[in-house]
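The values are calculated or read from the model by the stated rules, or taken from the named source; none is laboratory data. Keep in mind it's a predicted model, so treat the numbers as computed, not measured. Every residue, glycine among them, receives a Cβ derived from its backbone with ideal geometry; neighbour counts consider all protein chains shown. Accessible surface areas use protein heavy atoms only, side chains included; no ligands, DNA or RNA. Shrake-Rupley method; radii C 1.70, N 1.55, O 1.52, S 1.80 Å.
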Amino acid sequence: MSNSILESVDAAGDSTPGRTGTSAGTPASTIVMSMQQALNRALDEVLAENPKAVIFGEDCGQLGGVFRITDGLQAKHGAQRVFDTPLAESGILGMSVGLAMAGFHPIPEVQFDGFAYPAINQIVCQIARMNYRSRGTLPMPITLRVPSFGGIRAPEHHGESLEALFAHVPGLKVVSPSNPHEAYHLLKYAATRPDPVIFMEPKSRYWQKGEVNLAHGEAGAGSPTGAKVMREGRHLTLVAWGAMVARCLQVAELAAEDGIDIEVLDLRWLKPIDAEALAASVRKTRRAVVVHEAPLTSGLGAEVAQLITQSCFDTLRAPVERVTGFDVPYPSGDLEDEYIPNIDRILFGIQRVLEYKRG
Amino acid sequence: MDTLPVASGGAADPLTPAQLRELYSLMVAVRHLDRSAIAWQRQGIIPGYAPELGQEAAQVGSGYAVDTTRDFVFPTYREMGVARTMGVDMVAYMSTHKATWHGGLYDPLKSRLAPIQAVVAGSVLHAVGWAHGQTLDQKDGVAMTYFGDGASSQGDVHEALNFAAVMKAPVVFFVQNNGWAISVPTERQVAGGSVAARAAGYGMPALQIDGDDVVAVLGATRRAFAHARAGNGPVLIEAMTYRRGPHSTSDDPGRYRTLDEERDGAGADPLERFRQRLLADGIADEAFFAEALAAAKAEEEQIRTGIQALASRPGTEMFDLVFQETTPALQAQAANWREESEHV
């Protein structure tokens with residue numbers, strides 16, 4: 001980072017350096033596991049705690065899913081609770097509606113983000129509306145797991161970011177975990193809600209390990225709703241979700257070397273968005289950059305920018321910046337590093353905000 | 001066409017005279033209410049309606065086979081006759097056509113009828129899911145889903161038939177082939193000419209029946225229910241009938257079929273056919289028919305009065321019924337709406 005950026009940073013607040021949220025003393029209930037293991041554990045516990053919970057989709061049973069998220073669950077809970085369906089996403093989601101009407105809590109899986117498209121009619125016209133259409137008599141407690149976003153050199157339609165599409169649909173809630181701890185707690189929470197939740201798993205983070213504090217409540221996980229400050233800072237807020245949170249934390253470490261103190265806010269819930277957390281963070285930092293993998297135009301970054309502008313217009317020192325994917329079809333593996341916001345592009349976004357001068 | 005194994009038990013028992021007369025009374029009530037609903041639309045009582053004129057035998061006959069203590073039915077937007085036969089509150093049902101609430105005001109769980117479905121083939125998969133739930137719960141309920149020749153073109157119907165057959169789900173797929181999908185006739189809709197013929201590809205028994213013969217429809221549906229209830233998997237019934245009216249009160253059939261074509265295609269009126277049969281068999285007489293019509297008229301008047309008295313739902317329900325657990329954004333929007341709406 002250039003010195004000019006440093007000079008443009010206001011001397012603000014105390015001089016507490018940025019730090020990660022991990023506490024020094026590790027509680028006894030904390031174990032290290034990958035996000036895949038955390039999700040698997042959460043599903044195992046949901047099946048054990050709720051006899052009406054059922055998991056199904058393509059290859060979810062004996063194989064344990066192509067990402068092994070449901071590994072071992074059929075053997076443990078039986079083929080009635082965890083089962084394979086024919087290869088048809090509309091069928092999987094349409095069937096979920098009927099099961100929910102019969103009192104079950106379906107936890108279907110769409111194998112990859114891009115395969116949610118064949119099921120859009122059932123998701124948008126049926127799952128999202130049945131509670132409303134039936135005047136609350138037929139709730140849709142459906143937790144749709146969607147391995148999401150890019151970064152694994154996969155074929156076409158295996159790297160999509162559909163959060164803005166889902167968030168735009170009345171009747172759906174949308175959440176995305178950023179690390180194993182969040183994955184465990186957010187999935188356990190989502191899978192016990194009475195409303196449909198699209199659970200977007202950042203597939204590029206499945207194999208990253210991290211500490212998971214299994215304890216619930218304030219002593220352990222904290223609240224499973226709303227956004228979460230993953231790193232406190234004074235100069236600028238990076239807003240991100242899914243795999244982009246880890247990248248933003250990396251960026252914050254690099255910026256700290258130049259004395260720029262960045263706050264990283266993991267939005268977690270993409271609907272409902274925690275507008276209060278956005279306001280609280282940006283009122284303090286007065287600058288914000290939102291980072292997402294999805295294309296720029298009509299992406300969720302626009303919604304975040306508007307919410308920040310609404311609550312922080314008077315204190316904002318610069319327009320909210322967006323660092324995102326481009327308005328292009330998700331590219332082939334060779335080009336995906338050019339598409340997904342990388343450290344340099346996020347730093348440039350930060351620079352634009354810090355160097356902004358009122359005209 | 002009939003590839004359904006002959007049923008054991010009571011599914012094929014002959015109907016009693018009282019049951020036959022009840023079927024007739026239901027058909028008259030449905031016919032009269034259906035015709036009246038078109039009049040209501042012309043009079044401005046309701047904004048629109050999708051008549052089922054000519055499909056009374058298919059709807060009353062199939063609906064009569066439902067056991068509302070354990071089965072569940074998934075309708076489209078044209079199953080008024082099924083709803084009436086199942087004993088659904090008809091003011092609450094017809095409220096959808098008054099634009100009061102999309103799914104209607106009836107309680108789907110109590111009436112065992114899913115909310116009215118405007119997506120063609122939208123609820124066919126729901127029936128499969130509900131039915132598989134019966135299997136998981138080790139219960140003996142059967143799901144019956146209605147769709148038409150037009151809906152049979154939708155991919156969801158294929159997915160539903162395949163899922164149900166793979167999972168041996170207790171589903172009765174009841175197809176009313178009424179010859180028309182708005183303006184497109186069956187011959188330009190259904191390749192091969194028969195939806196029932198497709199069942200063979202799924203290894204599923206099927207019946208193609210005279211959908212204008214209420215006794216035949218009821219008999220076929222009872223057999224299908226018995227088959228599915230016994231754990232033998234799904235059955236497809238294709239009831240051949242004719243949509244005698246327009247697609248909806250906004251439609252103009254004169255643009256795609258002549259009156260001569262309509263008369264030839266429709267054949268004998270199912271209600272009149274049944275009347276002649278009851279007369280010939282000495283099951284009912286003119287006095288009974290007159291009584292049934294009078295009862296239908298009285299019922300229609302009561303429903304019309306109920307519909308006219310039906311107030312709009314409070315606007316707060318727009319917000320309150322989206323989720324079981326509402327969101328801050330929805331609450332804020334509801335608060336804004338209240339503040340900025342003078343009439344509330």
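For segment B:200-344, what value does the Rg/Rh ratio take when both radii are computed over Cα atoms and Rh is the Kirkwood radius, given to two decimals?
Ratio of gyration radius to Kirkwood radius: 1.15.
Which pairs, out of A:228/A:271; A:188/A:209; B:110/B:168, put more than 23 Å between their alpha-carbon atoms?
Pairs exceeding 23 Å: B:110/B:168.
Where does the charge balance sit around residue B:157 when Lys and Arg score +1, Asp and Glu -1, over other residues with C-beta under 14 Å from its C-beta?
Residues near residue B:157 contribute -3 overall.
What percent of all Cα-Cα pairs in segment A:203-359 falls into each 5 Å bin, going from 0 up to the bin containing the maximum distance?
Distribution as computed: 2, 9, 18, 22, 21, 15, 9, 4, 1, 0, 0 percent.
Return the FRET efficiency for the residue pair residue B:99, residue A:207: r is the Cβ-Cβ distance, R0 is 41 Å, and the value is rounded to the nearest 0.05.
0.20
Mind putting together the pair-distance distribution for the protein assembly as shown? All Cα pairs, 20 Å bins, whole percent per bin, short to long.
Taking all Cα pairs of the protein assembly as shown, the binned fractions are 17, 43, 28, 11, 1, 0 percent.
Arrange the residues B:342, A:156 by how much accessible surface each exposes, largest first, with a 1.4 angstrom probe.
B:342, A:156
Give the whole-number value, in cubic angstrom per residue, of the convex hull volume spanned by the C-alpha atoms of segment A:30-213.
102
Please give the FRET efficiency for residue B:295 paired with residue A:298, using the beta carbon to beta carbon distance and R0 = 60 Å, rounded to the nearest 0.05.
0.55
For a test of the definition: using alpha carbon positions, the gyration tensor, and the 1.5 limit on a/c, classify segment B:55-96 as rounded, prolate or oblate.
oblate
Along its three principal axes, how long is chain B when you only count alpha carbons? Whole Å, largest extent first please.
The principal-axis extents, from largest down, are 65, 49, 40 Å.
Over the alpha carbons of segment B:299-344, what is the largest minus smallest coordinate on each principal axis, giving the biggest first in Å?
Taking max minus min along each principal axis of the Cα atoms, segment B:299-344 gives 45, 28, 6 Å.
What trypsin sites (Lys or Arg not before Pro) does segment A:145-196 have in DSSP loop regions with at most 15 other beta carbons within 10 Å?
A:153
Let me know the volume per residue of the alpha-carbon convex hull for segment B:139-214, in Å³.
Spread over its residues, the Cα hull of segment B:139-214 gives 103 Å³ apiece.
Based on the Cβ-Cβ distance of residue B:259 and residue A:310, what FRET efficiency does E = 1/(1 + (r/R0)^6) give at R0 = 56 Å, to the nearest 0.05?
After rounding to 0.05, the efficiency reads 0.35.
How big is the Rg/Rh ratio for segment B:1-156, C-alpha atoms only, Rh by Kirkwood, two decimals?
0.97
Which loop-located GluC sites (Glu not before Pro) does segment A:254-359 contain, where loop means any DSSP state but H, G, I, E or B and the Cβ has at most 15 other Cβ atoms within 10 Å?
Passing both the DSSP loop test and the Cβ count: A:355.
Which order do B:66, A:97, B:6 take when ranked by solvent-accessible area (1.4 Å probe, heavy atoms of all protein chains), largest first?
The ordering from most to least exposed comes out as B:6, B:66, A:97.
Taking the Cβ of residue B:14 as the centre, find all other residues whose Cβ is under 13 Å away and add up their charges (Lys, Arg: +1; Asp, Glu: -1).
After counting each charged neighbour, the total is -1.
Using +1 at the Cβ of each Lys and Arg and -1 at the Cβ of each Asp and Glu in segment A:30-213, identify which of A:174, A:146, A:73 lies farthest towards the dipole's positive end.
A:174
For segment B:9-312, build the charge dipole from Cβ charges (+1 Lys, Arg; -1 Asp, Glu) around the Cα centre, then report which of B:47, B:28, B:99 sits farthest towards its positive end.
B:99
Percent of alpha carbon pairs in chain A separated by more than 33 Å?
That fraction is 28 percent.
Springs between alpha-carbon pairs under 10 angstrom, Gaussian network model over chain B: which of B:169, B:284, B:65 fluctuates most?
B:284
Give a residue-ordered list of calculated ³J(HN,Hα) values for segment B:309-320 (Karplus: 6.51 cos²θ - 1.76 cosθ + 1.60, θ = phi - 60°; whole Hz; x for Gly, Pro).
For segment B:309-320, the Karplus curve yields 7, 5, 7, 4, 6, x, x, 4, 5, 3, 8, 6 Hz.
In debye to the nearest 20, how big a dipole does chain B give about its Cα centre with +1 on each Lys and Arg Cβ and -1 on each Asp and Glu Cβ?
Dipole of chain B, to the nearest 20 debye: 300 debye.
Long-range amide H contacts for residue B:2: which residues qualify at under 5 Å (H placed 1.01 Å from N, peptide plane, sequence gap of 5 or more or a different chain)?
Hits under the 5 Å cutoff: B:208.
If you filter segment A:174-233 for GluC sites (Glu not before Pro), then keep DSSP loop positions with at most 14 other Cβ within 10 Å, what is left?
Of the GluC sites (Glu not before Pro), the ones in loops of segment A:174-233 whose Cβ has at most 14 other Cβ atoms within 10 Å are A:218.
Considering the Cα trace of segment B:110-166, what is its radius of gyration and what is Dmax, both in angstroms?
11.7, 34
Return one quarter of the surface area of the convex hull spanned by the alpha-carbon atoms of segment B:61-123, equal to its mean projected area, in nm².
The number I arrive at for segment B:61-123 is 3.9 nm².
Which net charge results for the neighbourhood of residue A:337, defined as the other residues with beta-carbon distances under 15 angstrom from its beta-carbon, given Lys and Arg at +1 and Asp and Glu at -1?
After counting each charged neighbour, the total is -2.
Dipole of the protein assembly as shown, Cα-centred, from +1 at each Lys and Arg C-beta and -1 at each Asp and Glu C-beta, to the nearest 20 debye?
Dipole size: approximately 720 debye.
If each DSSP helix of 4+ residues adds -39,500 (n - 2.57) and the sum is divided by the residues in chain A, what number results at 222 nm, nearest 500 deg cm²/dmol?
Computed mean residue ellipticity for chain A: -9000 deg cm²/dmol.
I need the peptides B:174-183, A:43-52, B:285-294, B:272-281 ranked by packing, meaning the mean over residues of other C-beta atoms within 10 angstrom, with the highest value on top.
Peptide ranking by packing, descending: B:174-183, A:43-52, B:272-281, B:285-294.
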